[in-house]
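Just below is one structure, and these are the notes that go with it.
Each reported figure results from applying straightforward, stated rules to the coordinates on display, with no laboratory input. Computed from a predicted model, the values in this text were never measured in an experiment. With ideal geometry, Cβ positions are generated from the backbone for all residues, glycine too; neighbour counts draw on all protein chains shown.
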Amino acid sequence: MITTEQIDIILNKGTVEGPNGEKIGSASEVYLDDETGQPAWVTTKTGLFGSSETFVPLAEATLEGSVVHVPYSKSMIKDAPRVDEDGHISEQEQDELYSYYSIGTSSGGTGRSGTDTSRTAGTSGTTSGTTSGTTSGTTTTSGTSGNFADSNPGQHAPKVGHDTSGPTTDDAMTRSEEQLHVGKQSRESGRARLRKYVTTENVTKTVPVSHEEARIQREPITDANRDAAMDGPAISEEEHEVTLHAEEPVVDKKTVPVERVRLDTETVTDEATVSEDVSKEEIEMEGEGGSSGKDRRRRS
């Protein structure tokens, strides 16, 4: 059984669930019985693009935390008779709702018969306005507290927004998204150094070399050489020796500087691809009427 002390919890962040934890929707408004002042109905939205609320009886409902548990499935609630969410339930609308949910007439309960129902804008459970007839109607409370609305059907309390996870807000929602900003920073990526070491390789060069060889030359006796030929014994044994010369390669190594080597840096520009997940909010309407779906516009 839902009590008036639990109305604030339902209106601020309440949700409606059916059997076995079936999620039906967020609680929007609570209607009070004029005679007892106890909660009689809760409204919730179950369809897409809709402007009217679906009424769910609280006669057999229980509250666990901020969740209103009702013994009706989502499909049944979704197909319930539609009543415009204007703060008033007529006698005919009440009859249709009671008949649909198979709830009988109660003399001191929800006020099934009598005048049109009106709603108040507070959460204290106190009703406003004057009802006529022998039986009382039903009063609804919205998410704000304070002043009461006139029970005159021609005057209605101003519309206010209501976040299911927080307090009452205005009539708009803010859609936010994350934006990816990529910067650059310099870091040490490595080191380079010059190292000198000695290697040995074989070098082959060809150079011309000369040498002397002995040859016998014979010349006849002439007046020019006769004196030299007649010098010495007439017959004798003798040896004559000639020294021969030959060139050979001589290897010499000399260290000479050949070049200067230094380290320098060069800036090379490449392209780096950055991939990161960003979150963004999407806003869509729920209900059974309307002409548009998700709002895909980005905030500038």
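Between ASP227 and MET1, the modelled labels are 17.3 nm apart [label points 7 Å from Cα along Cα→Cβ].
Within the straight-line cut-off of under 24 Å between alpha carbons, the lysines reachable from LYS253 are LYS196, LYS205, sequence neighbours fewer than 8 places apart in one chain being disregarded.
Along the stretch 5-16 the Karplus relation, 6.51 cos²θ - 1.76 cosθ + 1.60 evaluated at θ = phi - 60°, assigns HN-Hα couplings of 5, 9, 5, 4, 5, 5, 6, 6, 8, x, 10, 10 Hz to successive residues, with x for each Gly and Pro.
Here's how it looks for VAL42: its modeled amide H is under 5 Å from those of TYR31, VAL56, LEU58, which are all 5 or more places away or on a different chain.
Which length gain, in nm to one decimal place, applies between ASP79 and GLU281 when the Cα-Cα distance is subtracted from 0.36 nm times their residue separation?
Extending this stretch completely gives an extra 69.7 nm.
Stretching the chain fully between VAL250 and ALA272 yields a gain of 1.7 nm (0.36 nm per residue, less the alpha carbon separation). In this structure the amide hydrogen of GLU53, modeled in the peptide plane, comes within under 5 Å of the amide hydrogens of VAL83, GLU85, none closer than 5 places in sequence on its chain.
Label-to-label distance, GLN185 versus ASP264, with points set 7 angstrom from Cα along the beta-carbon direction: 3.2 nm. Given their separation in residues at 0.36 nm each and the Cα-Cα distance between them, ARG175 and VAL203 gain 2.1 nm when the chain is fully extended. For the stretch 173-182, putting each phi into the Karplus relation 6.51 cos²θ - 1.76 cosθ + 1.60 with θ = phi - 60° gives couplings of 10, 9, 9, 10, 8, 7, 10, 8, 10, 10 Hz, in residue order, rounded to whole numbers and with x for Gly and Pro.
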